[in-house]
Amino acid sequence: MQTRLGIIGGSGVYDIAGLEGAAWVAVDTPWGAPSDQILTGTLAGLPMAFLPRHGRGHVHAPADVPYRANIDALKRLGVTDIVSVSACGSFREAMAPGDFVIVDQFIDRTIARPKSFFGSGCVAHVSLAHPTCARLSDAVEAAARATGTTVHRGGTYLCMEGPQFSTLAESRMYREHWGADVIGMTNMPEAKLAREAEICYAPVAMVTDYDSWHPDHGSVDVATVIATLTGNAHRARETVAGLPGLLDRARAPCPCGCDRALDHAIMTAPDRRDPALLAKLDAVAGRVLPPGPT
């Protein structure tokens with residue numbers, strides 16, 4: 001298998017410069033349309049697919065992002081590894097605006113988003129104890145550090161529903177009692193779906209503010225976020241540009257097992273599986289499930 005890198009760009013990251021043979025392509029999925037067309041091409045010889053999470057022009061609110069369609073579309077394009085870029089607030093003094101955090105854990109507080117490709121008619125349970133890929137995160141960390149960015153390896157990302165920012169009471173609770181390090185609105189259920197689709201996933205959380213807990217900083221607002229996004233987005237593009245030199249073109253099995261997450265996950269007996277759902281799972285679970293009806 002050949003490595004194909006997928007980049008999901010968050011707030012402030014709406015394209016990737018320097019792609020050879022660049023073309024925006026539409027991808028149909030059984031889960032609806034993805035956030036936008038997907039920019040495909042090669043970067044330093046590495047096949048790549050870029051998807052703006054909120055759509056070009058930032059048209060999708062966090063709860064309205066078609067997460068299942070996005071992951072399915074990238075899988076259909078042959079993506080083996082996803083680097084997720086997103087803006088976030090920080091609960092830690094040391095994780096300052098402008099810093100990058102290579103997230104390795106999540107607390108999911110979202111309540112209004114479909115979180116699985118599976119369900120009645122084909123039940124599956126994947127492990128999410130370690131929801132990110134350490135191998136891919138190693139490459140992302142190295143690429144980010146090479147840009148001169150301050151990088152924090154490891155951190156817990158609390159994903160809130162939004163679209164409003166946290167209350168002061170929530171911000172204090174997440175920081176002081178729950179042990180979260182950063183907060184955002186988009187990495188869940190994205191990480192869960194990437195695991196179900198057997199795609200390695202590494203998130204880069206770009207700190208834009210201190211949420212509302214910090215006594216020396218005002219409550220977060222869009223103006224504050226946008227002011228920091230510009231510099232962050234530039235460094236995010238530089239980080240992506242450094243990844244082709246750190247990833248092998250020939251795709252060996254993932255040492256973390258991300259690409260085999262469905263090996264023992266399917267619970268529904270073969271004779272009780274819903275053919276209609278199997279048909280929708282042709283891309284994300286085709287490795288372990290027989291094809292549905294044509």
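FYI, it's all coordinate maths here, none of it is from the lab. All values derive from a computational prediction rather than experimental measurement. Heads up, the Cβs are rebuilt from the backbone with ideal geometry, glycines too, and the neighbour counts pull from every protein chain shown.
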Which Cα, out of 151, 33, 60, lies furthest along the positive dipole direction of the chain (beta carbon charges, K/R +1, D/E -1)?
33
If you place +1 on the Cβ of every Lys and Arg and -1 on the Cβ of every Asp and Glu, how big does the dipole about the Cα centre of the stretch 1-73 come out, in debye to the nearest 20?
100
Can you give the Rg to Rh ratio of the stretch 137-294, both from alpha-carbon atoms, with Rh computed by the Kirkwood formula?
1.06
What does the charge count near residue 24 come to, summing +1 for each Lys or Arg and -1 for each Asp or Glu among other residues with Cβ under 12 Å from its Cβ?
-1
Helix by helix through the chain, keep the DSSP H runs that span 15 Å or more along the axis on Cα and average at least -1.0 on Kyte-Doolittle, and give those back in order.
134-145, 222-242
What size of dipole, in debye to the nearest 20, comes out for the stretch 5-280 about its Cα centre when the only charges are +1 on Lys and Arg C-beta atoms and -1 on Asp and Glu C-beta atoms?
500
At 1.306 mPa s and 10 °C, Stokes D of the stretch 117-174 from Kirkwood alpha-carbon radius, µm² per second:
103
Given 83, 188, 255, which one lies farthest toward the positive end of the charge dipole of the chain, if we put +1 on the Cβ of every Lys and Arg and -1 on the Cβ of every Asp and Glu?
255
Counting helices only, and only those DSSP H runs with n ≥ 4, report the 222 nm mean residue ellipticity of the chain as the sum of -39,500 (n - 2.57) divided by its residues, in deg cm²/dmol to the nearest 500.
-6500 deg cm²/dmol
How would you order 234-247, 70-83 from highest to lowest mean count of nearby Cβ atoms within 10 Å?
70-83, 234-247
Looking at the chain, send over the antiparallel percent of its DSSP beta bridges, to the nearest 5.
40
